[in-house]
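Participant: The structure is given below, and queries will be raised subsequently.
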Amino acid sequence: MVIQYNNPLMRKLKKLIYGLLIVTQAFFMLACEKQLLEKDPEATPLAVFDYLWEDVNNRYSFFEEKSVDWNAAREKYRPLIDENTGDKTLFNILSEMLFELKDGHVNLTSSFDRSRNWDWFMEYPPNYNQNTIERYYLGKKYRITGTLNNIIIDSVLYVNYRSFSDKISNSNLKELMDYAEGTKGVIIDVRSNGGGSLSNAYRLASCFTDTSVVFAKSRMKTGPGKDDFSEWDEMKIEPFNGKRFTGKVVVLINRKSYSATTFFSQMMKTLPNVVLMGDMTGGGGGIPAFGELPNGWRYRFSATQTINLEGEQIEPGVKEDIYVMMNYDDENKGKDTVIESAKAFLLEAK
């Protein structure tokens, strides 16, 4: 049967049907929107506090290692908040609570501020002076190989790398390995390198081994219980697909060598041709997880653990092999005591 819409009655019926369809669709969309909105978490100050506390409670990885009583933190800070607490006051209270973790990978970010807690780094001398490096070591003739500033000093290749956030390409590494060829050793200066991309750490370390090397194990926090972790997974360095340097290498580190720089230091420490010199790294052995609060603020915290081959956590830092501190008399003469010690070590090595 074919319906003819030329009839006035049928045209009215058609309009009525279309009208009902539109009303039904609008009602359905409003119902769905209401349902979705009802599922969104509340953005009241107390709800925001509870959301953050709960997520950290479930996924933060170092409560036991740092002897942090997270329940006590809740009892301390939650009473400071009520439904009338303003954004900036709430931000400060949440930041103070997160500072209890004493973890450089813990941050809270809003449109008006970003919390950070680096107080424990200030307890140690810097053991590094960028001005001395630029004026008296790199000078005017250093090479800029991507992000790897380098120069040959007394038959030793000196490499200064400021941030693992700065990409290292394969072509950069090929050039660097060409420069290293025929030298008496390589110095890699990652003092005061605050970290960045772990892939850059793997990439740089891969140039100094001819074999696959397990350097650590890692696991992820999976729940609120102290033993709620995934199984341990091996972390490996794979050799660079190109020319490599397996002669003597010294990696210079200090307390501000953090996060990816701590991982890089652990990678290099496992290689038989490498020593770490300076002071131990600042830590940061947990890979961070990220989240968003109901009010739109972003946060992060450590969600994994990493242990070295002896089963020790690297979160507190990777220890140096040869302890050397800056001599300020040297510094006043334009000398970096740590670099000079590394050069002497390489030139005396057999």
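The values are calculated or read from the model by the stated rules, or taken from the named source; none is laboratory data. These figures come from a predicted structure and were not determined experimentally. Please note: Cβ atoms are built from the backbone with ideal geometry, for glycine as well, and neighbour counts cover all protein chains shown.
Participant: Within region 328-343, how many residues are assigned to a loop (DSSP other than H, G, I, E, B) and farther than 15 Å from Leu252 by Cβ?
Facilitator: The number of residues fulfilling the criteria is 2.
Participant: Pairs, please: C-beta under 6 Å, at least 6 apart or cross-chain, first residue modelled with pLDDT under 95 and in region 222-235, second loosely packed, with under 12 Cβ neighbours inside 10 Å and part of a loop (DSSP other than H, G, I, E, B)?
Facilitator: Hits for this filter: Lys226/Glu64.
Participant: Would you mind listing the helices (runs of 4 or more DSSP H) fully within region 37-119 where at least 1 residues are modelled with pLDDT of 95 or more and under 24 Å from Thr262 (Cα atoms)?
Facilitator: So the answer is 45-59, 87-99.
Participant: What helices (runs of 4 or more DSSP H) lie completely within region 169-276 and have 3 or more residues being more than 30 Å from Met326 (Cβ to Cβ)?
Facilitator: 170-180
Participant: Return the pairs, sorted by first residue and then second, in which the second residue is part of a helix (DSSP H, G or I) and polar (S, T, N, Q), the first residue lies in region 69-86 and is within 22 Å of Gly225 (Cα to Cα) and free of Cβ contacts under 8 Å to residues at least 40 places away in the same chain, the beta carbons are less than 6 Å apart, and the residues are 6+ apart or on different chains.
Facilitator: Here the result reads Trp70/Asn57, each pair linking region 69-86 to a residue that is part of a helix (DSSP H, G or I) and polar (S, T, N, Q).
Participant: Looking at region 145-168, can you tell me whether even one residue there is in a helix (DSSP H, G or I), more than 22 Å from Gly334 (Cα to Cα), at pLDDT 95 or above and acidic (Asp, Glu)? I'd like the intermediate steps shown before the answer.
Facilitator: Start the filter on region 145-168 by keeping residues that are in a helix (DSSP H, G or I), which leaves none.
No; the residues of region 145-168 include none that is in a helix (DSSP H, G or I), more than 22 Å from Gly334 (Cα to Cα), at pLDDT 95 or above and acidic (Asp, Glu).
Participant: So which residues in region 280-326 are among the small types (Gly, Ala, Ser), in a strand (DSSP E or B) and either without any contact (Cβ under 8 Å) to a residue 12 or more places away in the chain or out of contact with any Lys or Arg (no Cβ under 7 Å at 6 or more places or on another chain) (or both), if there are any at all?
Facilitator: Those that are among the small types (Gly, Ala, Ser), in a strand (DSSP E or B) and either without any contact (Cβ under 8 Å) to a residue 12 or more places away in the chain or out of contact with any Lys or Arg (no Cβ under 7 Å at 6 or more places or on another chain) (or both): Gly283, Gly291, Ser302.
Participant: Okay, next question. Any idea which of (1) modelled with pLDDT under 95; (2) part of a helix (DSSP H, G or I); (3) hydroxyl-bearing (Ser, Thr, Tyr) is the one Tyr5 doesn't satisfy?
Facilitator: Tallying (1) modelled with pLDDT under 95; (2) part of a helix (DSSP H, G or I); (3) hydroxyl-bearing (Ser, Thr, Tyr), Tyr5 fails exactly one: (2).
Participant: How do the pairs read when you match residues in region 143-156 that are crowded, with 16+ Cβ neighbours inside 10 Å with residues anywhere that are of a type in the set (Phe, Trp, Tyr) and not in a strand (DSSP E or B), using Cβ under 6 Å and keeping only pairs 6 or more apart or on different chains?
Facilitator: From region 143-156, the pairs are Leu148/Tyr161; Asn149/Tyr142; Ile151/Tyr142.
Participant: Find the residue count for region 223-249, including only residues that are surrounded by 15 or more Cβ atoms within 10 Å (Cβ to Cβ) and among the charged types (D, E, K, R).
Facilitator: Qualifying residue count for the region: 2.
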